[in-house]
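Below: the structure, in structure tokens.
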Amino acid sequence: MAYTKLADTLSSHEGKAFITINGQNREIFELSSITAQIEHTVASKRMLGTRMTQHKVVGAEGTGSMTMYFANSQLLEQALTYLKNGTYPPITIQTYNEDLQSTVGRQEVVLGNVIINSVPAASLSDDSDDPITFDTDFTFDTIEGLSSFDLPENYR
């Protein structure tokens, strides 16, 4: 009998993310968390002769969110470049999940034409001794799957 093994679930700590801005690639060391998803645009219509509304996927949008430690000025520099020159650099984010305890392997995706919605310019507070973090949403226009998870070993 097949069942989900705890060892095949993925730890959210096991993986990495990389960012490419203007052709320069680096690990996003200041990343605390990231999620990205594809949201389908769904048309609905009740056709003649039917009583049920039917649905069809007619498009999609890439959205995401991330929490970052306030420890790098690169995104602020890109925002300032946009404000001064009107140009926004091409940004790509590549992430992978891979927990070596799991038998599902690795999933790796590349998000293209990423636009980061908000970038902090300054942050001070006397309310906490915790590291400074900020949350931001982002959009992406392309996605490429470099590798996909396998079925767990006991389901194969």
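Each value in this text was obtained by applying a stated rule to the coordinates, not by laboratory testing. Everything quoted here is computed from the prediction, not taken from an experiment. Glycine gets a Cβ as well: all are built from the backbone with ideal geometry, and neighbour counts include every protein chain shown.
The table below lists the values:
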quantity: Search result, residues across the stretch 48-93 that are in contact with a Lys or Arg (Cβ under 9 Å, 6 or more places away or on another chain) and in contact (Cβ under 8 Å) with a residue 40 or more places away in the chain; calculated: Gln74
quantity: Any chance Asp150 is without any contact (Cβ under 8 Å) to a residue 12 or more places away in the chain, closer than 30 Å to Ser11 by Cβ and among the acidic types (Asp, Glu); calculated: no
quantity: Where a residue in the stretch 109-125 is more than 30 Å from Phe149 (Cα to Cα) and its partner, wherever it lies, is in a loop (DSSP other than H, G, I, E, B), with Cβ under 7 Å and at least six apart; calculated: Pro120/Phe70; Ser123/Phe70; Ser123/Ile132
quantity: Tally, over the stretch 126-138, of residues that are surrounded by fewer than 17 Cβ atoms within 10 Å (Cβ to Cβ), of a type outside the set (S, T, N, Q) and in contact (Cβ under 8 Å) with a residue 12 or more places away in the chain; calculated: 5
quantity: Filter result for Gln94 (out of contact with any helix residue (DSSP H, G or I) (no Cβ under 8 Å at 6 or more places or on another chain) and closer than 15 Å to Thr35 by Cα); calculated: yes
quantity: Index of the failed condition, Phe29 passing every other in (1) closer than 12 Å to Ile93 by Cα; (2) in a loop (DSSP other than H, G, I, E, B); calculated: (1)
quantity: Residues of the stretch 39-70 satisfying the condition of being surrounded by 10 or more Cβ atoms within 10 Å (Cβ to Cβ) and not in a strand (DSSP E or B); calculated: Arg46, Phe70
quantity: In the stretch 71-89, residue farthest from the chain's Cα centre (by Cα) [restricted to those that are outside any loop (DSSP other than H, G, I, E, B) and polar (S, T, N, Q)]; calculated: Asn85
quantity: Filter result (of a type outside the set (A, V, I, L, M, F, W, C), over 25 Å from Asp135 (Cβ atoms) and either surrounded by 14 or more Cβ atoms within 10 Å (Cβ to Cβ) or touching a Ser or Thr at 6+ places or on another chain (Cβ under 9 Å) (or both)) within the stretch 1-38; calculated: Lys5, Asp8, Thr9
quantity: Yes/no for Leu31 being out of contact with any strand residue (DSSP E or B) (no Cβ under 9 Å at 6 or more places or on another chain) and either of a type in the set (A, V, I, L, M) or in contact (Cβ under 8 Å) with a residue 24 or more places away in the chain (or both); calculated: no
quantity: Residues of the stretch 41-68 that turn out to be more than 16 Å from the chain's Cα centre (by Cα) and under 30 Å from Phe18 (Cα atoms), as a count; calculated: 2
